[in-house]
Amino acid sequence: MAQEDLFKKLVAHCKEYGYVFPSSEIYDGLSAVYDYGQYGVELKNNIKKYWWDSMVLLNDNIVGIDSAIFMHPTIWKASGHVDAFNDPLIDNKDSKKRYRADVLIEEHLAKIEDKITKEVEKARERFGTAFDEKKFRETNPRVLANQVKIDELNARFSKALNDSNLVELKQIIIDNEIVDPVSGTRNWTDVRQFNLMFSTEMGSTAEGANKIYLRPETAQGIFVNFLNVQKTGRMKIPFGIAQIGKAFRNEIVARQFIFRMREFEQMEMQFFVQPGSDPEWFKIWKEKRMKWHQALGFGSENYRFHDHIKLAHYANAATDIEFKFPFGFKEVEGIHSRTDYDLKQHQQYSGKKMQYFDPEKGESYVPFVIETSIGVDRMFLQVISAAYFEEILKKEDGTTDTRVVLRLPSFLAPVKLAVMPLVKKDGLPEIAEKIVHDLKFDFNCQYDEKDSIGRRYRRQDAIGTPYCITIDHQTLDDQSVTIRYRDSMKQERVQLSQLKDIISEKVNIRTILKLL
Ligand code: ATP
């Protein structure tokens, strides 16, 4: 199936099965804002727990906070967001559509990369096991010519971004003959800067009101609480502060479902280190975060690092962890070496010392910061796109059937166990209800008695329930039940008394945390 079709199906599936709804749908929705449904919220909470436990539970030098969304407006002046949190925007005069100029160029670069990949794949098929990819990339004239194009364009693009040269950005678009994907024309406006922060007013009268911002990142809430936490928690450097919370960005182009939203959630951790040790910690956190992603078992080939060619105003190094979404490799998480920029800025703007007294060195300094920043919603999209499968099943009569299944890791699945009486009589529903009543204190269970057992299994497959148990007449005789596994569809008989232990073991987050 084409990846585009797959993505459309995934979006429809999320809606049909109570994972994600467009916001304000009865009023035709609100652009790039989404609501999570009954299963979506469970998956989202489980993702957040995986992140929180891996940070706060597993590291005795990382603690969490929950700071307010509204903050003093000077914070955003100090952080540089009022002046520099901009995206370069460009309009196509024919389609009247708006784009990010940098994204248009990045997509053009990705197309040239695609050409190289196709060339390599064709050669791999032709040469079979004798194929030497490295040599091919170094010698094939078409690959080399495209690589030169990429390198030259990258150098020019990076310089334009770093110089904030908007005229040059437009010129790159023109020189590379980049067309609007909607109108197909090159009738572009000039590029201009657009600030992504939402603002509102605090105070009861218009004259007395203060302009405040909806935070575009959770990190500043951590920076301004750095000393509160360090002192009250008696934290010694190196240490980290973690936070999960909403962030808001007035994105120029918000598409691709929950990939780019105007209201979203971030999981950020700022790790405070001795100046000079930042390169080493940057490397450590890069590796740790990649391990966290790959532990989910979605295939290491679906992840890669992408180093930034343009560094944000506060960073001396930055990389993204990208995941292969149905629409290509895209960022899920950023790891940034933020230097001492933020703390120093707050020190200057607030007039308060933002320094740490190092008892071992006997001196005070402003720590450097390594940040790991991941979007909950993008992580949700990663999990759900990796888990979505349409399987063709052969039936006994020779015909085929399609099964849609969400192969979610068990510890992330919204419902862990569905309990089903085979028939709605002979005391079977009562046994099933009692099982749900007993187990609901340990994990999320669902009672399901409607429709044939086959249809009930399919319904659970579609929401990703890893285990179903069926109560039948044999249960009345020997207290055994059938457990059916979502991925293999295998069934086995187990004793009712063992059920809690069997499922608890399988859905416990401990298993994955131990891999980290
Ligand atoms: P992009 O280049 O995609 O705009 P960014 O580099 O601006 O992202 P960061 O500022 O590094 O993103 O934010 C950290 C993380 O927050 C991102 O890796 C992403 O997972 C998430 N994130 C950022 N913007 C959005 C958004 N508009 N919608 C959903 N998640 C987002």
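The values are calculated or read from the model by the stated rules, or taken from the named source; none is laboratory data. From a predicted model like this one, the values you see are computed outputs, not experimental measurements. Note: ideal-geometry Cβ built from the backbone for every residue, glycine included; neighbour counts use all protein chains shown. When the accessible area is computed, the model is the full protein with side chains, heavy atoms only, and any ligands, DNA or RNA have been set aside. Shrake-Rupley method; radii C 1.70, N 1.55, O 1.52, S 1.80 Å.
Looking at region 250-275, which of its residues are open to solvent by less than 30 Å² (accessible area, probe 1.4 Å), within 9 Å of the ligand (Cβ to nearest atom) and assigned to a loop (DSSP other than H, G, I, E, B)?
Once the filter is applied, which keeps residues that are open to solvent by less than 30 Å² (accessible area, probe 1.4 Å), within 9 Å of the ligand (Cβ to nearest atom) and assigned to a loop (DSSP other than H, G, I, E, B), region 250-275 yields 251, 254, 261.
Considering only region 365-455, give the strands (runs of 3 or more DSSP E) lying wholly within it that have at least 2 residues that are more than 16 Å from the ligand (Cβ to nearest atom), polar (S, T, N, Q) and under 30 Å from residue 2 (Cβ atoms).
Passing ranges, in order: 400-406.
Mind telling me which of the residues 102, 87 ends up being open to solvent by less than 80 Å² (accessible area, probe 1.4 Å), assigned to a helix (DSSP H, G or I), touching a strand residue (DSSP E or B) at 6+ places or on another chain (Cβ under 7 Å) and within 30 Å of residue 162 (Cβ to Cβ)?
Only one candidate qualifies: 102.
Looking only at residues that are among the polar types (S, T, N, Q) and touching a residue at least 24 places away in the same chain (Cβ under 8 Å) in region 39-69, which one is farthest from the ligand (Cβ to nearest atom)?
Going through the qualifying residues, I end up with 61.
Restricting attention to region 264-293, which residues are within 15 Å of residue 320 (Cβ to Cβ) and polar (S, T, N, Q)?
266
Considering only region 276-327, how many residues are closer than 26 Å to residue 85 by Cα, of a type outside the set (A, V, I, L, M, F, W, C) and within 13 Å of the ligand (Cβ to nearest atom)?
Matching residues across region 276-327 total 10.
Which one is modelled with the lowest pLDDT, of the residues in region 161-190 that are touching a strand residue (DSSP E or B) at 6+ places or on another chain (Cβ under 9 Å) and either among the basic types (Lys, Arg) or in a helix (DSSP H, G or I) (or both)?
Here the residue is 161.
Write out, first by first residue and then by second, each pair whose Cβ atoms fall under 7 Å of each other, whose residues are 6+ apart or on separate chains, and whose first residue, in region 499-516, is touching a residue at least 60 places away in the same chain (Cβ under 8 Å) while the second is acidic (Asp, Glu).
Every condition considered, the pairs that remain are 500/442; 504/442; 509/53; 513/53.
When you check residue 138 against the structure, is it open to solvent by 80 Å² or more (accessible area, probe 1.4 Å), within 16 Å of the ligand (Cβ to nearest atom) and either assigned to a strand (DSSP E or B) or in the same structural domain as residue 172 (by TED's automatic domain parsing) (or both), yes or no?
No, not satisfied.
With the requirement that a residue be surrounded by 15 or more Cβ atoms within 10 Å (Cβ to Cβ), within 15 Å of the ligand (Cβ to nearest atom), in a strand (DSSP E or B) and of a type outside the set (S, T, N, Q), what does region 328-364 give you?
Matches in region 328-364: 329, 330, 331, 332, 333, 334, 335, 336, 338.
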